[in-house]
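The values are calculated or read from the model by the stated rules, or taken from the named source; none is laboratory data. Note that the structure is a prediction, hence the values are computed from the model and not measured. Here the Cβ is made from the backbone with ideal geometry for all residues, glycine too, and neighbour counts use every protein chain on show.
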Amino acid sequence: MAGRTKKNANSGVPKAVLEKQKRLIPIRLAQVRGSRSQRSFARELGVFQQNVNRYESGTTPHADFLITLAVREGISLDWLLMGKGRAKK
């Protein structure tokens, strides 16, 4: 095992890569929100402010939230989840 990278059993993706991308999602969410308050951003998306707060604090967002965010804000899920490509479609 020496020198091997620990991989996620389900995906074959190194665990470190998954963890790094998961840590960057809250930063990208805050970038999308911009100067809007969490409360107004949540209202625009039709979710509770507590959800926005949790997601920006590191809880992995639910798929429904991510899809709504992508459609309403016109952002790429590839960018939001993986940092690939441009933020705006």
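Filtered by the rule that a residue be within 12 Å of the chain's Cα centre (by Cα) and farther than 20 Å from LEU18 by Cα, the stretch 68-89 gives LEU69, ALA70, ILE75. For residues in the stretch 65-85 being touching a strand residue (DSSP E or B) at 6+ places or on another chain (Cβ under 9 Å) and without any contact (Cβ under 8 Å) to a residue 24 or more places away in the chain, which is farthest from ARG33 (Cα to Cα)? The extreme case among them is SER76. Scanning the stretch 44-89 for residues that are at positive phi and either of a type in the set (Asp, Glu) or touching a Phe, Trp or Tyr at 6+ places or on another chain (Cβ under 8 Å) (or both) yields a count of 1. Please determine whether any residue of the stretch 53-64 is farther than 20 Å from GLY83 by Cβ and surrounded by 13 or more Cβ atoms within 10 Å (Cβ to Cβ). Taking every residue of the stretch 53-64 in turn, at least one turns out to be farther than 20 Å from GLY83 by Cβ and surrounded by 13 or more Cβ atoms within 10 Å (Cβ to Cβ).
Pairs only if they're at least six apart or on different chains, beta carbon under 8 angstrom, first in the stretch 22-48 and under 17 Å from ILE67 (Cβ atoms), second hydrophobic (A, V, I, L, M, F, W, C) and in a loop (DSSP other than H, G, I, E, B); list them, first residue then second. Within 8 Å, the pairs are ARG28/ALA87; VAL32/ALA87; ALA42/PHE48. Kindly indicate the residue of the stretch 68-85 that is among the aliphatic types (A, V, I, L, M) and loosely packed, with under 15 Cβ neighbours inside 10 Å and also farthest from TYR55 (Cα to Cα) among those meeting that condition. Once the filter is applied, the top-ranked residue is VAL71. Of all the numbered requirements in (1) in a loop (DSSP other than H, G, I, E, B); (2) in contact with a Gly (Cβ under 8 Å, 6 or more places away or on another chain), THR59 misses one, and that requirement is (2). Got at least one residue in the stretch 34-45 being at pLDDT 95 or above, under 15 Å from the mean Cα position of the chain (by Cα) and loosely packed, with under 12 Cβ neighbours inside 10 Å? Among the residues of the stretch 34-45, at least one is at pLDDT 95 or above, under 15 Å from the mean Cα position of the chain (by Cα) and loosely packed, with under 12 Cβ neighbours inside 10 Å, which makes the answer yes.
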